[in-house]
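The values are calculated or read from the model by the stated rules, or taken from the named source; none is laboratory data. None of these values were measured; they are calculated from a predicted model. Every residue, glycine as well, gets a Cβ built from its backbone with ideal geometry; the counts of neighbours run over all protein chains shown.
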Amino acid sequence: RNASNATYINSGHIVFLRDSDLWAVPFDLETMTIVGSQVPVINGVETNSQYGHATYTVSDNGQLFYLAGTDGGGSIDSGMLTWADFDGERAEIEVDAGSFSNINFSPDETRLAFTSTDDQGGTDIFMWDLTRKTLSRRTFDGISTNPIWSVDGTRLIYSNKEEGIKSVAANGSDQPSVLFETNSVARPYSIAPSGEVLFDMGSPPRIYLFDPSANSDSEAEMLAEEIDLG
């Protein structure tokens, strides 16, 4: 229970994290069963139970490498957005503490779009107006991430885990619409001056480019061009 980041090692053990501690348990590969008791190995390994990260690895000859630390998953809601300039001056932005990622400036640098993660792991797109000092929510489905801005700054383009790449008005004046429909997770990262969207998709991820303004009989028929990186 409460175990994560398991690895089978040549000594015949499964090592795993519980909270921030590394444990080991004997395991028989032939019968695929546990054949002994769980015992703690290392106390205090840097990990994040919320996202499943753990900074340890074991070599084939049994050497353990790890970063000492604690479980950062409990502090998921303690992050602060901070402004920093090239002179080293910093100032906290007046947004309540939270779990923020994928932060992007609007083209005119007056607004921020970002992914916010709630206590249950749901993710939605929010926007902070730097001039008005107001926070606005743009999605409400709990599965939206990776917002980027359209070239003119009027729309937010983002990933929806179930429908593909979607778009919503930055000012909240319309309902989200599908730009690129796919059952795979497609995450937009950048937009060209021409409006083409760069995103990745698949496992392992591959990089694609598509034009949201391209004519198509239906959104499902829009095709993305895979980029050959050699």
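If we only count strands (runs of 3 or more DSSP E) wholly inside segment 179-230, which ones have 3 or more residues that are modelled with pLDDT of 65 or more and of a type outside the set (A, V, I, L, M)? Full working, then the answer.
Numbers: elements: 186-191, 197-201, 206-210.
Of the strands (runs of 3 or more DSSP E) lying wholly inside segment 179-230, those with at least 3 residues that are modelled with pLDDT of 65 or more and of a type outside the set (A, V, I, L, M) span 186-191, 206-210.
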Filter result (in contact (Cβ under 8 Å) with a residue 40 or more places away in the chain, among the hydrophobic types (A, V, I, L, M, F, W, C) and part of a loop (DSSP other than H, G, I, E, B)) within segment 1-43: none
Hits in segment 5-20 - residues which are surrounded by fewer than 16 Cβ atoms within 10 Å (Cβ to Cβ) and within 22 Å of Thr70 (Cβ to Cβ): Ala6, Thr7
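Does Thr123 count as surrounded by 13 or more Cβ atoms within 10 Å (Cβ to Cβ), without any contact (Cβ under 8 Å) to a residue 40 or more places away in the chain, within 24 Å of Arg206 (Cβ to Cβ) and over 17 Å from the mean Cα position of the chain (by Cα)?
Working: surrounded by 13 or more Cβ atoms within 10 Å (Cβ to Cβ): yes; without any contact (Cβ under 8 Å) to a residue 40 or more places away in the chain: yes; within 24 Å of Arg206 (Cβ to Cβ): yes; over 17 Å from the mean Cα position of the chain (by Cα): no.
Judged against the criteria, Thr123 is not a match.
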Given (1) modelled with pLDDT under 90; (2) exposed (fewer than 15 other Cβ atoms within 10 Å of the Cβ), index of the condition Asn102 fails: (2)
In segment 187-212, the residues that are closer than 19 Å to Glu162 by Cβ and in contact with a Ser or Thr (Cβ under 6 Å, 6 or more places away or on another chain): Arg187, Met201, Gly202
Those residues of segment 130-153 which are surrounded by 14 or more Cβ atoms within 10 Å (Cβ to Cβ) and over 21 Å from Ala186 (Cβ atoms), in sequence order: Leu130, Leu135, Ser136, Gly153
